[in-house]
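Structure record follows, encoded as C-alpha cells.
Read-outs: derived from the displayed coordinates by stated rules, not from any lab. Remember, it's a predicted structure, so these values are computed and weren't measured experimentally. As a convention, Cβ positions derive from the backbone with ideal geometry for all residues, glycine included, and neighbour counts pool all protein chains shown.
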Amino acid sequence: MVGVRSGLAVCLVGAVALLAVLRVGPAGWGAGTACAVVLAVAAGRRAGVDGVSSFGPADLVTLTRATLACGVAGLVGEALAGREETGTLVAITAAALVLDLVDGRVARRTGTATAYGARLDGEADAFLILVLSVVVAGEHGAWVLGLGLVRYVYAVAARLLPWMHRPLPPRYWRKVVAAYVGIALTVAASGLAPAATTYAALVVAALLLAESFGWDVVWLWRRRLNRAGAEDVLPAKVLEHGR
C-alpha cells in the first residue's frame with residue numbers, strides 16, 4: 001500500500017520525467033503538466049471524499065496509465081503546435097491500453113477491488129479517450145471530439161439533475177466500450193488503416209458510447225423516485241439482462 005499523497009506525488013514526478021524524455025516543447029509541457037496537476041488534484045479530492053488513505057496495487061497500475069495519458073496529452077499539445085510525433089504517441093497509447101487490461105485483474109487477484117479504484121479506472125479511461133479525440137479530430141472532423149467529451153457532459157448533467165445522483169450498478173460492458181473506443185482512436189491517430197475503415201471504426205465507437213451512456217441514463221430515469229416514493233420501477237428481468 002502507498003499513501004495517497006505519496007502516490008500522487010510520484011505520479012506528478014513521473015509525468016514530468018516522461019515529458020522530459022519525450023523532449024516536448026512549450027506546448028507539450030503546458031498540456032502535459034496541466035493535465036497531470038488536474039488529475040492529481042481530482043484524484044486526491046475524490047480519495048478524501050471516499051475516505052481512501054492509500055492506494056492498492058491495482059490503483060498504482062491505474063495511476064501509471066494516467067501518467068502515460070499525461071504524456072499523450074503533451075504529444076497532442078505538440079501536434080496542435082505543428083510538431084507531430086505520431087509513432088511515439090501511438091506507442092505510449094498502446095502501453096496505456098495494455099495496462100487497462102491489467103489493473104482489473106490485479107484488483108481481483110489481490111482482493112483490493114474498491115469503488116474508488118473502479119471510479120479511478122473509469123476516469124483514466126475517459127481522460128485518455130479525451131486527449132486522443134483531440135488529435136484525431138484534426139484529421140477526421142470536429143465530431144470526433146464528442147467521443148472524448150461525452151463522459152464529461154454526463155458528469156455535468158449528473159451534478160445538475162437530482163435523479164442522476166443515484167450510483168449506477170456495475171456493468172462490464174462499459175469497460176468493453178471504453179477499450180474499443182481507445183483502440184479505434186489509436187488506430188485513427190496512427191493513420192495506418194484506410195480512411196474508410198478508420199471512419200467506420202469511429203462511427204461504431206460513437207454508436208457504442210451512445211448505447212452505453214444511453215443505457216445508464218435510461219436506468220437512472222426509470223429508477224428515479226416516483227410520486228409514490230417507490231425507487232425500483234425498472235423490471236428486474238431488464239436489469240439482469242443489462243448486467
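Brief remarks follow.
- Candidates L12, L161, L97: whichever shows maximal mean-square fluctuation once the chain is modelled as a Gaussian network with Cα springs under 10 Å: L161
- Once the Cα-Cα distance is subtracted from the 0.36 nm per residue extended length, the D50 to V16 segment shows a gain of 9.5 nm.
- Listed residues V16, V72, V153, most fluctuating in the chain (Gaussian network, C-alpha, under 10 Å): V153
- For the stretch 109-210, the calculated P(r) over all alpha carbon pairs, in 5 Å bins from 0 to the bin holding the longest distance, is 2, 12, 21, 22, 17, 11, 9, 4, 2 percent.
- Estimated FRET transfer efficiency (R224, A9; beta-carbon r; R0 41 Å; 0.05): 0.50
- F55 long-range amide H proximity, modeled H, under 5 Å: V2, G3, V4
- Our coupling estimate for the stretch 12-24, obtained by passing each phi through the Karplus curve with A = 6.51, B = -1.76, C = 1.60 and θ = phi - 60°, is 4, 4, x, 5, 5, 4, 4, 4, 5, 5, 6, 6, 6 Hz, Gly and Pro reported as x.
- Computed extension gain for L80 through A94, at 0.36 nm per residue and net of the alpha carbon distance, reaches 3.0 nm.
- For the chain, the longest principal axis of the alpha carbon atoms and the long axis of helix 57-80 meet at an angle near 50°.
- In the set [x] 47, 39, 34; [y] 61, 47, 34; [z] 62, 47, 39, the label that goes with Cα extents along the principal axes in Å computed for this structure is [y].
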